[in-house]
Each structure stands twice: as structure tokens, then as C-alpha cells.
1. What pairs can you find where one residue is in the stretch 200-229 and touching a residue at least 24 places away in the same chain (Cβ under 8 Å) and in a loop (DSSP other than H, G, I, E, B), the other is buried (at least 21 other Cβ atoms within 10 Å of the Cβ) and of a type in the set (Phe, Trp, Tyr), and their Cβ atoms are less than 9 Å apart, with a gap of 6+ or different chains?
2. Search the stretch 70-85 for residues that are over 15 Å from Gly113 (Cα atoms) and pair each with any residue that is at pLDDT 95 or above and β-branched (Val, Ile, Thr) when their beta-carbon atoms are under 6 Å apart and the residues are at least 6 apart or on different chains.
3. Give the residue that is farthest from the ligand (Cβ to nearest atom), with candidates limited to residues of the stretch 234-259 that are of a type in the set (A, V, I, L, M, F, W, C) and either part of a loop (DSSP other than H, G, I, E, B) or out of contact with any Leu (no Cβ under 6 Å at 6 or more places or on another chain) (or both).
4. For Lys196, are the conditions met, namely being farther than 24 Å from Thr159 by Cβ, among the basic types (Lys, Arg) and modelled with pLDDT under 95?
5. For the list (1) among the charged types (D, E, K, R); (2) farther than 30 Å from Asp135 by Cα; (3) within 16 Å of the ligand (Cβ to nearest atom), I need the number of the one condition that Arg180 fails.
6. Picking from Asp173, Asp156, which residue would you name as being surrounded by fewer than 16 Cβ atoms within 10 Å (Cβ to Cβ) and within 15 Å of the ligand (Cβ to nearest atom)?
7. Mind telling me which of the residues Val286, Val266 ends up being out of contact with any Ser or Thr (no Cβ under 8 Å at 6 or more places or on another chain) and of a type in the set (Val, Ile, Thr)?
8. Go through (1) more than 20 Å from Ser261 (Cα to Cα); (2) within 16 Å of the ligand (Cβ to nearest atom) and name the single condition Tyr136 misses.
Amino acid sequence: IKSVAVLTSGGDAPGMNAAIRAVVRACIYYNLKVFGIKRGYQGLIDDDMEELQSNSVSNIIQSGGTFLKSARSMDFRTEEGRKNAITNLKKRGIDALVVIGGDGTFTGARIFGEEHHFPIVGIPGTIDNDLYGTDYTIGYDTALNTVVEAVDKIRDTATAHSRLFFIEVMGRDAGFLALRSGIASGAEAILVPEVKTDFDQLEHFLQTGFSKKKTSSIVLVSEGDEIGGALKIAEQVGKEHPEYDVRVTILGHLQRGGSPSAFDRVIASRMGISAVEALLDNQEDVMVGLTNNQVVLTPFSEALKNKKPLNPQLLEITKILSI
Ligand code: F6P
């Protein structure tokens, strides 16, 4: 391998810049040429890329977003789009790709790698933390801290008015962000897609925890919850209990922004370097991950097939903490 290209695709996550920086610096360290591709797979199809130097990635470790920009390319879902992509890579003499993103990014990588026998290594970057093969994805820790900070603020006003707040957090169909931020912010109840919403339990909590004590209450709702998010649950509870002063906050895309936490910068740096080393070791179609603080490689097929479970111990302790 002599020349590598790197891209970020799908929803951006804080720490992606730190990962790009590590990929670029590792390539230079190992005497490889390195190209940055703009707007994910779309830039690959449009031949929107440029060679990067060490100073191209100076001063970005602390920035959220991704300086390469991101996209969810529809063209890359077509055979024709992928043919243009391989033509552009060959034209520029690029032998391998590092893709930073989530499951959509790796699905594209897997199809492309198989179709054109092109070596690709993935780096997990998503605030959802929903990738099998790694304990943490880049961006998750920062998003967690953002959610906790926001919930702390909402708690102040909720307490001042003795209100019941339903706060919706991102995570697509996974409850990692809701579960961990719920524990960290002292939420009275946490609703995640992985666990069937028990209305009796919620009702019991509202009766004992909220209506009797007349203090504030925070219910964290994962956007993928089966009921359909915080608005729907709040509507249902509000109908049954017109006496409650209910409010809803949907945190939305603010969870995706901000300067990455030290934790995300460090894991992004480790994963970026490991991705380049994996390519030099002739690995392909694998995702770099961290399990028990050790770098591990997981084939895309496995990372995509398996659903990462929520930590059962965390689920268990929420029951104790919310009594
Ligand atoms: O995968 C990251 C994520 O932020 C999810 O939590 C959320 O469901 C989705 O992306 C939102 O996507 P978009 O930015 O396209 O609205």
C-alpha cells in the first residue's frame, strides 16, 4: 500500500476531526500518501478530494463536526455510482480507504470492498454508540456530556415549577445515549427501545415519585422508543393526568455538535492510527474498535450483523436509583 484516502460519512460526530488527523499523521509517519475525500462517498463519486499534509490537520483536534464534511450519498447506493468511485480511486493511484462513520457507512464499505476487491478499514464514529465490535464509538462520550449538561439545566426550571419533563434524546433505534445520560443526570425514568415500555411501571412512578412528592421529574426518552418519542408519551400521560404540569424538550441536533471530550479525542487518535496500521498489515473489510481498552478488529459483516446489547448492569441499577 502506497496511498490511502480517508472520508467521513453519515451523521457527523464530535471527534471525527481527531480521527482524520490521526489517520493523516499515521500515513505520513509510515511514508504513505494520504488524500482527504469531501462529503463522504459523494465526494468519491464526484472526484472531490485532495492530498493532505501534516499541517492540513493542524488545529482541528478540538473542533466538532468534520472538516472533510459528511453526507449520506444516494449515488453510492447504485452500481454506477460505485463504478465512478473506483475509477476515481484508480486514477489517483489510491490503494486503500479509511471510512469513518456508522452502520450505513460500513454497509456501503462492505458492498464496495466486495464488488471491487478494494481494501477498506472502518472507524466507528457516531453519537449513537450502536456498533457491535467496540465498547465506545467516537462522539458518544461528548454527546453524553452534552445531554447531561442540558438535562441539568432543564432540572433547574423543572424544579422551580414542579413540572414533569419528558426529554427526548437521539440514538436512532438504540438506547445507549438515553440510558447512560439518564443515569448521569439522575433521571427518574429512562425509556429505551431495547426494553418494552412498561406503562404500569411508569404510572406507578408518576403516582409515587411525582404526584405525591410534587417535586420535579425527568423522564428521558430515547427517540427510538416504541411509543414514538417524547411528544407521544407526554400526550398520553397528559390526557390521563390533566393535573400534571407536563413539558417536552427534544434535544435534537445540538447533541451532535461541540468540541469533543478528551475521551473522544483519545479514542479517535488511537483508532485512526490503528486503522492505518491494519491496512499496512493487509487487513481489509474490518472495523477498528476498542474492547476492554484494547484495539480489536471486527469484520464489517459481523459488526453489521450483530446488535450490540445495552449493558444489563446499567439497566438494573436504574431501577434501584429511581425509587
Ligand atoms: O446516527 C446519528 C444520528 O444523530 C441519530 O441519533 C439520529 O437518529 C440521526 O443521526 C439523525 O439524522 P439526521 O442528521 O439526518 O437528521
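The values are calculated or read from the model by the stated rules, or taken from the named source; none is laboratory data. A quick note: this is a predicted structure, and the numbers were derived from the prediction, not measured. Here the Cβ positions follow ideal geometry from the backbone for every residue, glycine too, while neighbour counts run over all protein chains shown.
1. What qualifies is Ser216/Phe165; Ser216/Phe210; Gly229/Phe166.
2. Listed by first residue and then by second, the contacts come to Ser70/Thr8; Asp75/Ile45.
3. At the first step, the residues of the stretch 234-259 found to be of a type in the set (A, V, I, L, M, F, W, C) are 234, 237, 246, 248, 250-251, 254.
With the extra rule that they be either part of a loop (DSSP other than H, G, I, E, B) or out of contact with any Leu (no Cβ under 6 Å at 6 or more places or on another chain) (or both), the set shrinks to 234, 237, 250-251, 254.
Values: Ala234: 19, Val237: 23, Ile250: 12, Leu251: 10, Leu254: 11 Å.
Residue satisfying both the conditions and the ranking: Val237.
4. On the way: farther than 24 Å from Thr159 by Cβ: yes; among the basic types (Lys, Arg): yes; modelled with pLDDT under 95: yes.
Yes: the conditions hold for Lys196.
5. Every listed condition holds for Arg180 apart from (2).
6. Numbers: Asp156 fails: within 15 Å of the ligand (Cβ to nearest atom).
It is Asp173.
7. Numbers: Val286 fails: out of contact with any Ser or Thr (no Cβ under 8 Å at 6 or more places or on another chain).
Only one candidate qualifies: Val266.
8. For Tyr136, the failing item is (1).
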